[in-house]
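The values are calculated or read from the model by the stated rules, or taken from the named source; none is laboratory data. The structure presented is a predicted model; accordingly, all values stated were derived computationally and were not measured. We place every Cβ from the backbone using ideal geometry, glycine too, and count neighbours over all the protein chains shown.
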Amino acid sequence: MGVRPYQYLAYKGEIRGVEVLKENEWNSSKTCSACGDDTKSNRKQRGLYVCSSCGLVGNADCNGVENMRQKITPSPHGEDRSNGRVAQPSIHLFDSESGVFAPREQVVL
Ligand SMILES: [Zn+2]
């Protein structure tokens, strides 16, 4: 029997001193993470999310994950939500037409 993703993340978190919390993804994908608009048609084809209220264009999964993050660790507007740890910078080439990220090889700096 293999290790389930949550168990793996909990294990890694414990090693690094990071608390790993579970959150239900139900209904997280249709709500705009920037303004809270929950118009169902905001979720376009494939991975594209376009908010009809504020104009946010993003990857639908990333928008959903941000909604889950806000539920677990709410951050008041205008306040720095940094936890003091420095993440490794990464660059993703996001196609706002299709809503998908390009493979890493296609990202040119
Ligand atoms: Zn919005």
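Can you name the residue in the range 15-59 that is more than 13 Å from the ligand (Cβ to nearest atom) and in a helix (DSSP H, G or I) and is also nearest to LYS71 (Cα to Cα) among such residues? So that I can check it myself, show each step before the final result.
First pass over the range 15-59, keeping only residues more than 13 Å from the ligand (Cβ to nearest atom): 15-29, 40, 44-48, 59.
Next cut, in a helix (DSSP H, G or I) only: 15-16, 40.
Working: ILE15: 24, ARG16: 23, LYS40: 20 Å.
The qualifying residue nearest to LYS71 (Cα to Cα) is LYS40.
Restricting attention to the range 60-77, which residues are part of a helix (DSSP H, G or I) and away from the ligand (no atom under 12 Å from the Cβ)?
ALA60, ASP61, CYS62, GLY64, VAL65, MET68, ARG69, GLN70, LYS71, ILE72
Going by the conditions given, is LEU21 buried (at least 16 other Cβ atoms within 10 Å of the Cβ) and either over 27 Å from LEU93 (Cα atoms) or more than 13 Å from the chain's Cα centre (by Cα) (or both)?
Considered against the rule, which asks whether it is buried (at least 16 other Cβ atoms within 10 Å of the Cβ) and either over 27 Å from LEU93 (Cα atoms) or more than 13 Å from the chain's Cα centre (by Cα) (or both), LEU21 comes out as no.
If you scan the range 2-46, which residues turn out to be at pLDDT below 90 and of a type in the set (Phe, Trp, Tyr)?
If the condition is that a residue be at pLDDT below 90 and of a type in the set (Phe, Trp, Tyr), then TYR6, TRP26 are the ones that fit.
Hey, could you check the range 1-14 for residues that are of a type outside the set (A, V, I, L, M) and not in a helix (DSSP H, G or I) and say which is farthest from ASP95 (Cα to Cα)?
Only one residue fits best here, namely GLY2.
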